[in-house]
Amino acid sequence: MVRSMMATNNNGSQASASKENPLSISWHDSAWIPMLSPANVLDYFSERTNPFYDKSCNNEIIKMQRLSPEQLNNMTGVEYILLHAQEPILYVVRKQHRHSQQQVTPLADYYIIAGVVYQAPDLYSVLNSRLLTSLHNIQSAFDEALSYSRYHPSKGYWWEFKDKEDKKREDKSKSQGSKKKPEEMSSAFQRQRVDMLLGELADKFPPKFAQPKRGDQPVPVEEDKKPGEQAAQVKEEKSEDAPNQNHSSSGSRSNQSMQPPEKRMKLSKQS
């Protein structure tokens, strides 16, 4: 029982290996590549090691019986013909099923580029690949658009591209900083050219200077004083204010002395 299961598994693995997608494989024979020509390209294609060659085709029968290749038109079944030749690099071989001398059905095309044989994709494979590529790009676009969308219950939906743009700018600045070249000195020609342009601009637009009129006095300029000078000035101002205060206090006292005694008592109580 176990042996039978192992045998079936081995057969299944071999079958899956034999059913490999022919569009993903290629074949070549290094010994034939330098001498390829339209006369022997079918012989090159009919090598035993070529996985694209069907050994039960009519070409193999004619080769074994040593008949002329023109006999293929009188036979029915699978055959290979040279469809196109562009020496020395491109050859196209077609696999077809012949029903009669005038009726054939194409089955597959193979192109040989620089001696390497590939199977040309059919229409189904081309459409399938293009559709999958389109769907992948559309899905990527939707995912990127979704990363920019924002939502809040009070504001609703809006787009925000600031984070992505900042990241792109940072990456760009980093890449430019890493690849930044050292600045070169300006040449004599560049300096003379700039001086000439500046001179022409100065001639076209001469600078204007404000000339003072007669009788105008110069505007006084306040100079910054040092902290020591400022402190001395403050002390002088205080000393000037002190006599005034003493004089006012002495005057008030003299006024009080000249007033009658009753008013003096009231003033003393109020103070």
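The values are calculated or read from the model by the stated rules, or taken from the named source; none is laboratory data. Predicted, not measured: the structure shown is a model, and the values here were computed from it. Cβ placement follows ideal geometry from the backbone for every residue including glycine, while neighbour counts extend to all protein chains displayed. Heads up: the accessible areas ignore ligands, DNA and RNA and are worked out on the full protein's heavy atoms, side chains in. Shrake-Rupley method; radii C 1.70, N 1.55, O 1.52, S 1.80 Å.
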Looking only at the stretch 44-71, how many residues end up being of a type outside the set (Asp, Glu) and loosely packed, with under 12 Cβ neighbours inside 10 Å?
8
Counting just the residues of the stretch 82-128 that are hydrophobic (A, V, I, L, M, F, W, C) and part of a loop (DSSP other than H, G, I, E, B), which one comes out least open to solvent (accessible area, probe 1.4 Å)?
Ala120
Are any residues in the stretch 9-29 part of a loop (DSSP other than H, G, I, E, B), at pLDDT 90 or above and either loosely packed, with under 13 Cβ neighbours inside 10 Å or not hydroxyl-bearing (Ser, Thr, Tyr) (or both), and if so, which ones?
Ile25, His28, Asp29
Take the residues of the stretch 42-73 that are in a loop (DSSP other than H, G, I, E, B) and of a type in the set (Asp, Glu): which is nearest to Gln101 (Cα to Cα)?
Asp54
Where residues in the stretch 91-125 are within 36 Å of the chain's Cα centre (by Cα) and among the aromatic types (Phe, Trp, Tyr), which of them is modelled with the highest pLDDT?
Tyr118
